[in-house]
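**Student:** Attaching a single structure in structure tokens format; questions to follow.
The values are calculated or read from the model by the stated rules, or taken from the named source; none is laboratory data. Because the structure is predicted, anything quoted here is derived from the model rather than measured. FYI the Cβ positions are ideal-geometry reconstructions off the backbone, even for glycines, and counts take in every protein chain you see. Accessible surface areas use protein heavy atoms only, side chains included; no ligands, DNA or RNA. Shrake-Rupley method; radii C 1.70, N 1.55, O 1.52, S 1.80 Å.
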Amino acid sequence: MNSNVLILIPARMASHRLPGKPLADIGGTPMIVHVMRRAQEAAVGPVAVATDSPEIAAAVTAAGGRAVMTRSDHSNGSERISEALVGLDPEHHAEIVVNVQGDFPTLQGEDVRLALGPLADPAVDISTLGPLEITDETERNDPNVVKAICSAISPGRFRALYFTRATAPTGDGPLYHHIGLYAYRRAALKRFVALPPSPLEKQERLEQLRALEAGMRIDVAITRNPIFGVDMPEHLEKARALLKPRTTEKS
């Protein structure tokens, strides 16, 4: 591997709300394969799925992708991709590592490219996606919808101040939905996984707060695509409906 960008997709079968979701069928294709193909469409570097599941690895390789087996005791996707990175790129060619969640089947390749933009600024440690304005009233108070509290830096780019499951900020004005795709500088990923879980991370159950509490800078690139994580059966049905034109066309 000699690219300076590596895209890794952490995936595991264990899910309390939707067991086995990486292999959930969407138009005849496992969800993890949809995500892998969208990441490949970004055309910014090699793509691999990091997993502890032989079933996921088999689905990925059957679709022509690359799977890397990892330990099963990781507490989050960042730890999983950090382990995979060591095996995939021991010579440190990759300077940027993109963590694409395996339950983002509506991701587009352009979203991955957008996430890389803020890292052109050497002051930025981690880049992520958002902020999509929340227009569904039920999502404003839904703790499963993570809100990004940001400050505008320039057109198309924000600096992350905080992430929360609460309805915040208060008062009149929009709320913004965070999309959990992260582009790390390699050194930032190494530092992040070496840090212990932070107090706010544990309270909010949001790993990105560990980085903010450690003084790391996270910038946010704007996407207008309807990306969402598949966490519940209703989310899976929504993804199937949105992707039906794509899957029908390919069939």
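**Student:** What is the Cα centroid distance between the range 98-119 and the range 1-58, reported in whole angstrom?
**Tutor:** After rounding, the separation between the Cα centres reads 12 Å.
**Student:** Let me ask something additional. With a 10 Å cut-off between alpha carbons and a GNM built on the chain, which of 122, 233, 197 moves the most?
**Tutor:** In the Gaussian network model the winner is 122.
**Student:** Now a separate question. Mind listing which trypsin sites (Lys or Arg not before Pro) in the range 58-99 are in a DSSP loop and have 12 or fewer other Cβ atoms within 10 Å?
**Tutor:** Qualifying residues, ordered by number: 71.
**Student:** Which whole-number percent of Cα pairs in the range 182-251 have a distance greater than 20 Å?
**Tutor:** The answer is 54 percent, as a whole percent.
**Student:** Could you check which residue among 123, 94, 168 shows the biggest mean-square fluctuation in a GNM of the chain with a 10 Å Cα cutoff?
**Tutor:** 123
**Student:** Okay, moving on. Against the empirical 2.2 N^0.38 Å scaling, what ratio does the C-alpha Rg of the chain come to?
**Tutor:** 0.96
**Student:** Now a separate question. For the chain, which span is the longest to avoid every loop-located (per DSSP) member of GluC sites (Glu not before Pro) having at most 15 other Cβ atoms inside 10 Å?
**Tutor:** The reported range is 96-251.
**Student:** Another question, then. Once every DSSP H run of n ≥ 4 in the chain is given -39500 (n - 2.57) and the sum is divided by its residues, what mean residue ellipticity at 222 nm do you get, rounded to the nearest 500 deg cm²/dmol?
**Tutor:** -9500 deg cm²/dmol
**Student:** Which order do peptides 217-223, 188-194 fall in by mean Cβ count within 10 Å, highest first?
**Tutor:** 217-223, 188-194
**Student:** Springs between alpha-carbon atoms under 10 Å, Gaussian network over the chain: tell me which of 195, 175, 119 tops the mean-square fluctuations.
**Tutor:** Largest GNM mean-square fluctuation: 195.
**Student:** Which helices of the chain meet both criteria: a Cα extent of 30 Å or more along the helical axis and a mean Kyte-Doolittle score no lower than 0.5, with helices taken as whole DSSP H segments?
**Tutor:** Flagged H segments: there are none.
**Student:** Right, another one. Could you tell me which of rounded, prolate or oblate describes the range 153-222, using a ≥ b ≥ c as the square roots of the eigenvalues of the alpha-carbon gyration tensor, with rounded for a/c under 1.5 and, failing that, prolate when a/b is larger than b/c and oblate otherwise?
**Tutor:** oblate
**Student:** Hey, another quick one. So how do 29, 61, 167 rank on accessible area, 1.4 Å probe, biggest first, that is with the largest at the start?
**Tutor:** 61, 167, 29
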